[in-house]
Amino acid sequence: MTLGQKIKELRENAGLKQRELAFQLGIGEGYLSKVEHDQKPLKREDLTKLNELFSTPIEELESLWLANKVYSIVRDEESALLALKVAEEQVKYKKFKNA
């Protein structure tokens, strides 16, 4: 699931229209539509607003937000999977080193 798909799911489950959620987030309805279709990014601070509106764990929203950022960087790279594996090892090493 992408962040856009998650936002759309949360919005629909709450019975909100795009314009209503867009107003609460302080963005345009057209922009929200593009966010829900993974064509535009949200600002990180918007995740806090979504967390407050829908009582969704912030960790889940942040994970999806970061995944979108990473994907936008590597999507056209031939060695994307290898790069992601290397990055995963670096994150694991950093956690181990800091523990």
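The values are calculated or read from the model by the stated rules, or taken from the named source; none is laboratory data. This one's a predicted model, so the numbers in the text were calculated from it and none came from an experiment. Note: ideal-geometry Cβ built from the backbone for every residue, glycine included; neighbour counts use all protein chains shown. Remember, those area values only see protein heavy atoms, side chains included, never the ligands or the DNA or RNA. Shrake-Rupley method; radii C 1.70, N 1.55, O 1.52, S 1.80 Å.
List of remarks:
- Of the residues Glu52, Glu78, the single one that is in a helix (DSSP H, G or I) and open to solvent by 70 Å² or more (accessible area, probe 1.4 Å) is Glu52.
- Only residues that are open to solvent by 70 Å² or more (accessible area, probe 1.4 Å) and either part of a loop (DSSP other than H, G, I, E, B) or among the basic types (Lys, Arg) (or both) were counted across segment 27-49, and they come to 8.
- Hits in segment 1-26 (condition: closer than 16 Å to Trp65 by Cα, loosely packed, with under 15 Cβ neighbours inside 10 Å and charged (D, E, K, R)): Glu9
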